[in-house]
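Colleague: First, the structure itself, so that you have it in front of you.
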Amino acid sequence: MKKLNIKSENCLLEVNDYGASINSIDLGKLVRNNLPELKNYKDYPVKLNLSIEFLGDEKLEVTPTGYEIPKEAEENK
């Protein structure tokens, strides 16, 4: 089994209209640069566990406006 773990206790996440990056490195490039033997346009079955924990005292508040929240999403709050 091949496995790629990317871990940091203190890094910078940047998001924009084109994607997301960690410490100014695109997430796709992080995977591609560390798993260079992967072939282009091939669907690889994988198990994925992505966890992002925001540091600092600021709380992330999400307030959807004009959208109806599905019942199951409200139950998971």
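The values are calculated or read from the model by the stated rules, or taken from the named source; none is laboratory data. Computed from a prediction, not measured in an experiment: that's the story for all the values here. A quick note on method: Cβ atoms are made from the backbone with ideal geometry, for glycine too, and the neighbour counts reach across all protein chains shown. Just the protein is used for accessible areas: all its heavy atoms, side chains included, with ligands, DNA and RNA removed. Shrake-Rupley method; radii C 1.70, N 1.55, O 1.52, S 1.80 Å.
Colleague: Return only the number of the condition from (1) at pLDDT 90 or above; (2) farther than 25 Å from Lys2 by Cα that Lys47 does not satisfy.
Modeller: For Lys47, the failing item is (2).
Colleague: Does Ile52 satisfy being modelled with pLDDT under 85, surrounded by fewer than 11 Cβ atoms within 10 Å (Cβ to Cβ) and in contact with a strand residue (DSSP E or B) (Cβ under 8 Å, 6 or more places away or on another chain)? Spell out how you get there, then give the answer.
Modeller: Numbers: modelled with pLDDT under 85: yes; surrounded by fewer than 11 Cβ atoms within 10 Å (Cβ to Cβ): yes; in contact with a strand residue (DSSP E or B) (Cβ under 8 Å, 6 or more places away or on another chain): yes.
Criteria met by Ile52.
Colleague: Can you tell me which residues in segment 7-37 are under 27 Å from Gly56 (Cα atoms), assigned to a loop (DSSP other than H, G, I, E, B) and open to solvent by less than 100 Å² (accessible area, probe 1.4 Å)?
Modeller: Ser8, Cys11, Asn23, listed by residue number.
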